[in-house]
Structure formats: structure tokens, C-alpha cells
Amino acid sequence: MSQGRSQNIGASVRQRLLNLAKAQKEDFQGILTRYALERLLYRLSSSEHASRFVLKGAMLFSVWGGDLHRATRDLDMLSMGDNSVEGMAATVTEICLLQVPDDGIEFLPGSINSARLKEGQEYQGVRLNLSARLAGAIIPVQIDVGFGDAITPPPERKEFPSLLDLPTPRLLIYPPETVVAEKVQAMVALDRANSRLKDFYDLWILSRKVPFDGRILGQALEATFNRRRTPIPDGDSFILNQEVFVLDPAKQLQWEAFLRKSNLVGGDRLFKDTVEELNRFLTPVLEALREETHFDLHWLPGGSWSLKPNNTP
């Protein structure tokens, strides 16, 4: 394709994204970033490396609910295979250079910077920063790649929605059960030092949008806690049951600031109300694990645990 035609496509894409941002009353830079992440995922899904990566993080909510409940400016992935910084940089370079139908965006392999994450800890990862170019706009992209985590149930290949009805990425994604398990394990490990309020919010959104089989969720929690060598908490020690944490005025102020800054659904919710809902969702499963009893109930989104889903005969 000629350079002039490619530039015209880029300008058209940029204008369409600007129109979309205005129509949805969203930040234009956020839309540009989401487009860049989507098109990078498309290149990954079209490459020979597709089976080595599993998508995790906030971008998953586009697959589960059709929209992102909060803006994200990076990709979170789990990778199998070479976990060296140099090897991951070489893989991302190949993905950036892959020839695909022109979508107006160019990823600049010369801009890639890579570094080790969590140096000295058991669960290391690699962070890569690079730039993409769309009709003169430079878009920063960040990719965090982890290794070695347990995924229960196994990941499935799903289609990732496109902002502009372009060819869609189809790639392996984390199951919601493992997303819940990893966030709960982080809550337990961090305890009162936890400042990751996005995890509380993400879990609340998941509990309101996604049905869960209690048996499978329990398996995911057990696998993640075992992998990360974290004991299952008892009821009193679980962070959601610690009033000194939940009712801390400073934590409520942090929560309000987080919701306001992110312009999120449920922006007027009290932190303690969110925690109460999470308690109904999480505590019964954790108690069953701790007591080594079967948990065969089903979670109805936004509701409670029951013997069977409403659509079960």
C-alpha cells in the first residue's frame, strides 16, 4: 500500500475515533490508547506467538460485558515460555512488525524499552514500554507480562470487540474465576496495607455482571492460593471483615478519590457498602475451602448464592 493511502487511512481512523470519543463523552487520549491496545492484540492474535499469551487485566471486561467499566492504559498478559527480558522484547518486536490489513496505526519497534518487574520475588514479570503512531499522534503503550500463574479453569479463545468494526483479535483470555482468585489473594497478602482500590471495584463489577459456579470458583481460589503459598484466611482475619480497615475514614476518602478520578459507575457508593456486597460473594467460598467442604452453589449476578441458576430446569 502506498504511503499516501496509508496516511489517509490513518487520518480517517483518527477522525472516527475522535467522533466516537465525543459521542460517548470519553477522553480522546483514552480512546486512542484503547485503539492502540486493540490493534496490538490483533497483531498478536495473527502471529505465531498467539498461543503463548493469555490476556488478563481490565481489558477483559470488554469481552465479558461489551465495554470497559474503567479506563486502562496498559495490557496485562500471562506468557508461557521464555521469560527473559531480551526474549520478550524480541517477541514484541516481531509482533509490532507483523504485516496486517492497514488499520492506520504503526507500532514503533525502535521505541521498545523493557525491564524486569518484581525483581527478587518469585513471581517475576517483564514490563515493556513502546510507542505507536496514528496520523501524527504518538500513543504510549505499556505491556506487563507475567509468568507461571495457575489458571483455573483453562483459558479459552475469545473474540475481542473492535472499536471501529475492524478485523477483531481472537486470543486466549483469563477466565473470570482466576481474575477473582488473583485479586482476592492480593487482598489477603496485602491485608491492611492494601491501597489497590481498583481490585475492590473490579471484584464488585464482576459480582454484578458475571455468574459463577461456586465449585469452579473454589478450585480457582485454591489453585492460586497454593501457587502463591498463601493460607486461606478465616472469617475474622479476612480483610473484608476487619472493621478497622473497612470503616477507616481515610480509606473512605481514598475510595471517593479513586471513583471521582476514574469517573466510574457507582461513584456515590460508600466503601463499606461495596465491601458488604463482596463479603456476600466471597466469604462463603473461602469458608468452604478452609473447612474443606463442597461448595456447589451458583452465584447470580448482583444477587446471592443459590442452589442453581435461574435458567436451570
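Segment 181-211 to segment 99-168: how many Å between their Cα centroids?
Result: 23 Å between the Cα centres.
For segment 112-244, compute Rh as the Kirkwood radius over C-alpha pairs and then the Stokes-Einstein diffusion coefficient at 37 °C and 0.692 mPa s; write the answer in µm²/s, rounded to an integer.
For these conditions, the coefficient is 188 µm²/s.
Under the Karplus relation 6.51 cos²θ - 1.76 cosθ + 1.60, θ = phi - 60°, what is the ordered set of whole-Hz ³J(HN,Hα) values for segment 40-53, x standing for Gly and Pro?
Taking θ as phi minus 60°, the curve returns 5, 4, 5, 4, 4, 5, 8, 9, 6, 8, 4, 6, 8, 10 Hz for segment 40-53.
Loop only per DSSP, at most 10 neighbouring Cβ atoms within 10 Å: give me the trypsin sites (Lys or Arg not before Pro) in segment 114-211, ordered by residue number.
Sparse-neighbourhood loop trypsin sites (Lys or Arg not before Pro): none present.
Please work out the C-alpha center-to-center distance from segment 219-263 to segment 12-84 and express it in whole Å.
That distance is 27 Å.
Nearest 10 degrees, 0 to 90: what angle lies between the long axis of helix 3-24 and the longest principal axis of the chain (Cα atoms)?
Rounded to the nearest ten degrees, it is 30.
So what are the ³J(HN,Hα) numbers for segment 230-245, from phi and the Karplus equation (6.51, -1.76, 1.60; θ = phi - 60°), rounded to whole Hz, Gly and Pro as x?
10, x, 5, x, 7, x, 6, 7, 4, 4, 5, 9, 8, 4, 4, 8
Determine the dipole magnitude for segment 3-174: charges of +1 sit on the beta-carbon of Lys and Arg, -1 on that of Asp and Glu, nothing else is charged, the reference point is the Cα centre, and the result goes in debye to the nearest 20.
With Lys and Arg at +1 and Asp and Glu at -1, about 480 debye.
Quick one: what does P(r) look like for segment 177-306 with 10 Å bins over all Cα pairs, in whole %?
P(r) over segment 177-306, rounded to whole percents: 13, 46, 34, 8, 0.
In this model, which of 56/118; 118/261; 25/158; 25/251; 25/56 are farther than 23 Å apart at the alpha-carbon?
118/261; 25/158; 25/251; 25/56
For every helix of n ≥ 4 consecutive DSSP H residues, a contribution of -39,500 (n - 2.57) applies; sum these over the chain, divide by its total residues, and give [θ] at 222 nm rounded to the nearest 500 deg cm²/dmol.
Taking each H run of at least 4 residues, the total per residue is -14500 deg cm²/dmol.
I need the per residue convex hull volume for segment 3-174, using only the alpha carbons, in cubic angstrom as a whole number.
It comes to 114 Å³ per residue, whole-number rounded.
What percent does the relative contact order of the chain come to when contacts are Cα pairs within less than 8 Å and at least six residues apart?
After rounding, I find 16 percent.
Roughly how compact is segment 248-298, stated as its Cα Rg over 2.2 N^0.38 Å to two decimals?
Compactness ratio reported: 1.54.
Stokes-Einstein at 25 °C, 0.890 mPa s, Kirkwood radius from Cα pairs: D for the chain in µm² s⁻¹?
It comes out at roughly 117 µm²/s.
Using each residue's phi in segment 295-304, evaluate 6.51 cos²θ - 1.76 cosθ + 1.60 at θ = phi - 60° and report the 3J(HN,Hα) Karplus result to the nearest Hz, with x for Gly and Pro.
10, 10, 7, 10, 8, 9, x, x, x, 7
Where a number appears in this text, it was derived from the coordinates with a stated rule and is not lab data. As the structure is a computational prediction, the values presented were derived from the model and not from experiment. Cβ atoms come from the backbone with ideal geometry, glycine included; neighbour counts cover every protein chain shown.
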